[in-house]
Amino acid sequence: MQLQDIENAKSLVGLFLQRADEQGDKPFLTAKTGGTWQSISYAEAARRVCVLAENLVKLGLRPGDRVMLVSENRPEWALADLAIMAAGGITTPAYTTNTEGDHCHILDDSGARMVIVSTEKLSKPLIAAMLRSGQAEHLLAIDPIATSQSGSFAIHQMPALMEGDGVAARGAVEARLASVTRDDIACIIYTSGTSGSPRGVMLHHGAILHNVDAAGHVLAEDFGWGEERFLSFLPLSHALEHTAGLYLPLGLGADIWFSEGLDKLSSNLEEAQPTFMIVVPRLFEILREKIIKGVEKQGAAAKFLLTRAIHLGERQIAGRPSWKDAPVSALLGATIRPKVRARFGGRIKALVSGGAPLNPEVGGFFQAMGLTMLQGYGQTESAPVVSCNYPGAGIALHTVGPPLRGVTVKIADDGEILVRGELVMKGYWKNPEATAAALADDWLHTGDIGHIDAKGRIVITDRKKDIIVNDKGDNIAPQKLEGMLTLQPEIAQAMVSGDKRPHMVALIVPDADWMKQWARDNGAESADMATLRENPAFVKALKAAVDRTNQELSVIEKVRRFIVADEPFSVDNGQMTPTMKIRRNPIRAVYQQRLDALY
């Protein structure tokens with residue numbers, strides 16, 4: 001297998017078919033069915049992809065048509081994605097946590113003519129959105145679904161559409177691929193914009209292939225080739241897992257095992273024995289706490305070793321290794337490290353952290369435990385990986401590593417990180433204004449502030465944009481949530497918070513008229529905000545308004561807790577602009593400590 005194959009590939013499907021011919025009956029997609037792990041080989045996957053592609057064409061899919069894909073991680077997700085592209089279509093993934101309104105936006109904005117859904121549970125908000133939108137003509141169900149009314153669209157069972165003559169279908173697919181180039185759009189991934197309405201990022205085949213090629217060189221040069229296995233955990237609808245958790249292992253001819261979810265991740269790791277895994281920082285934080293608690297229960301000697309490991313990690317982060325570390329490292333290698341590695345299956349070569357910033361202390365802990373941590377940086381608009389820490393470049397966890405092969409990065413006069421290369425998106429779907437702003441002067445403007453250190457590694461220091469990235473790597477537009485909160489009669493102003501946190505919290509300014517009326521109706525001595533916010537009944541009434549808003553929000557957007565402000569946001573106190581937009585930094589300067597206390 002040659003990395004040159006990836007560099008020279010014209011399309012993702014073309015690369016897949018080449019790997020399928022090389023790998024043959026070797027396992028490609030593995031998932032637990034009926035309590036046992038079952039694999040689909042590369043050859044069988046290729047047959048199913050080609051047959052499904054031809055059936056999509058028979059259903060009326062035309063070149064460039066969008067197909068919405070709503071499913072949890074499973075083999076059929078990968079097969080559907082490849083089949084859509086093999087049929088000449090463009091995959092439009094959607095999160096399984098999306099609300100009916102979220103689905104409606106994607107259907108209307110993308111103009112998807114077909115939709116693929118995995119389960120009956122996920123089909124309910126999706127079918128409601130399809131009925132409202134009237135956009136899609138066909139619904140393909142991976143598992144059986146029951147519906148009393150389908151409206152203007154036809155329902156098909158996807159497994160039946162993957163049965164047929166693979167040889168004839170392969171020939172038709174190859175004939176179609178002959179005209180596909182790296183410049184053609186492969187998928188449209190929706191990501192939240194500052195306006196609150198998700199924008200469709202157009203990623204071409206070359207962008208994802210560029211990422212796969214660059215990451216493949218890192219893995220080959222630093223970790224060597226072998227029988228690689230990836231455990232897929234992050235949602236495949238996320239750009240990071242889509243590229244690094246699906247197309248990178250495909251490019252390497254690796255086996256992909258699909259996790260059953262967070263509650264079974266520990267057992268899945270031990271059973272799958274992966275060599276690589278893509279993880280968000282929050283999971284590392286959870287695992288770190290579990291490991292620490294487990295070691296502390298083993299007595300004083302174990303606690304002493306744990307303390308030494310933490311100190312070792314701290315020195316590694318600070319770049320101050322000592323000759324005194326060698327005996328400690330050797331002792332850890334004979335005691336704690338084998339047990340920690342066993343929890344990750346025993347074969348792990350590296351854990352890749354992305355989607356949100358990794359706390360250096362957490363990264364240093366796992367490094368000290370003998371696990372190699374590769375922290376990546378990027379965004380959906382760059383397919384998504386721009387840079388990564390890896391051993392050959394000298395891992396420094398306060399940085400996000402050097403730009404990957406073929407990626408050019410420069411720092412603008414205002415400190416913004418700018419990116420150029422084949423990995424950069426074509427633009428935002430049907431949004432030329434946002435595209436022009438993001439790709440001004442032929443550079444991708446990331447919205448992140450940083451600098452490049454003496455060793456060529458990127459250091460991120462701030463965010464220029466307002467998008468909140470929670471600890472799982474989900475993008476959340478604060479303006480959307482704030483706008484919905486202020487639609488409630490009880491709430492005049494709001495600011496939400498949750499960057500690098502497990503859920504959203506809010507700062508709320510109650511509506512002055514409603515506050516006066518509530519005080520009269522409830523016999524309160526004063527309608528002063530500072531007084532009322534100490535009244536449990538008043539706070540409960542505000543909570544009812546927040547709860548109503550939460551009913552319209554997805555799981556990741558819901559506001560779990562809130563505090564009441566000292567005073568309204570205004571131009572006079574510096575918390576509003578003259579055009580009546582809230583000024584986040586001045587507000588955070590006053591309230592951030594109290595907002596942090598909500599977690």
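Applying the condition of being under 18 Å from the mean Cα position of the chain (by Cα) and in a helix (DSSP H, G or I) to the range 255-286 and asking which residue is modelled with the highest pLDDT yields Leu265. For the range 397-439, a residue qualifies if it is out of contact with any strand residue (DSSP E or B) (no Cβ under 9 Å at 6 or more places or on another chain), outside any loop (DSSP other than H, G, I, E, B) and not charged (D, E, K, R), and exactly one does: Pro432. When every residue of the range 36-56 is checked against the conditions, none turns out to be of a type outside the set (D, E, K, R), modelled with pLDDT under 95 and more than 23 Å from Ala160 (Cβ to Cβ).
Please determine, by comparing only the residues of the range 554-599 that are outside any loop (DSSP other than H, G, I, E, B), aliphatic (A, V, I, L, M) and touching a residue at least 40 places away in the same chain (Cβ under 8 Å), which one is surrounded by the fewest Cβ atoms within 10 Å (Cβ to Cβ). Among them, the one singled out is Ile563.
Quick check on the range 511-527. Is at least one of its residues within 30 Å of Asp471 (Cα to Cα) and surrounded by 13 or more Cβ atoms within 10 Å (Cβ to Cβ)? Taking every residue of the range 511-527 in turn, none turns out to be within 30 Å of Asp471 (Cα to Cα) and surrounded by 13 or more Cβ atoms within 10 Å (Cβ to Cβ). Within this structure, Ser110 passes the test of being under 30 Å from Gly14 (Cα atoms), among the small types (Gly, Ala, Ser) and surrounded by fewer than 24 Cβ atoms within 10 Å (Cβ to Cβ). Annotation for the range 483-490: no member residue is among the β-branched types (Val, Ile, Thr), under 25 Å from Asn470 (Cα atoms) and in contact (Cβ under 8 Å) with a residue 40 or more places away in the chain.
One residue stands out among those in the range 324-381 that are without any contact (Cβ under 8 Å) to a residue 12 or more places away in the chain and part of a helix (DSSP H, G or I): the one that is surrounded by the most Cβ atoms within 10 Å (Cβ to Cβ), which is Lys339. Within the option set Asp165, Asp184, being of a type in the set (D, E, K, R), closer than 22 Å to Leu248 by Cα and surrounded by fewer than 23 Cβ atoms within 10 Å (Cβ to Cβ) holds for one residue only, Asp184. State whether the residues of the range 356-373 include one that is under 17 Å from Leu219 (Cα atoms) and either modelled with pLDDT under 85 or under 16 Å from the mean Cα position of the chain (by Cα) (or both). The answer is no, given that none of the residues of the range 356-373 is under 17 Å from Leu219 (Cα atoms) and either modelled with pLDDT under 85 or under 16 Å from the mean Cα position of the chain (by Cα) (or both). Scanning the range 389-434 for residues that are of a type outside the set (A, V, I, L, M) and touching a Pro at 6+ places or on another chain (Cβ under 6 Å) returns a single hit, His398. Checked against (1) outside any helix (DSSP H, G or I); (2) touching a residue at least 12 places away in the same chain (Cβ under 8 Å), Gln38 meets all criteria but (2). Taking residues in the range 287-300 that are in a helix (DSSP H, G or I), and partners anywhere that are hydroxyl-bearing (Ser, Thr, Tyr), the pairs with Cβ atoms closer than 9 Å and at least 6 places apart or on different chains are Leu287/Ser266; Lys290/Ser266.
The values are calculated or read from the model by the stated rules, or taken from the named source; none is laboratory data. Quick caveat: nothing in here was measured; it's all calculated off a predicted structure. Using ideal geometry, Cβ is built from the backbone for each residue, glycine included, and neighbour counts are taken over all protein chains shown.
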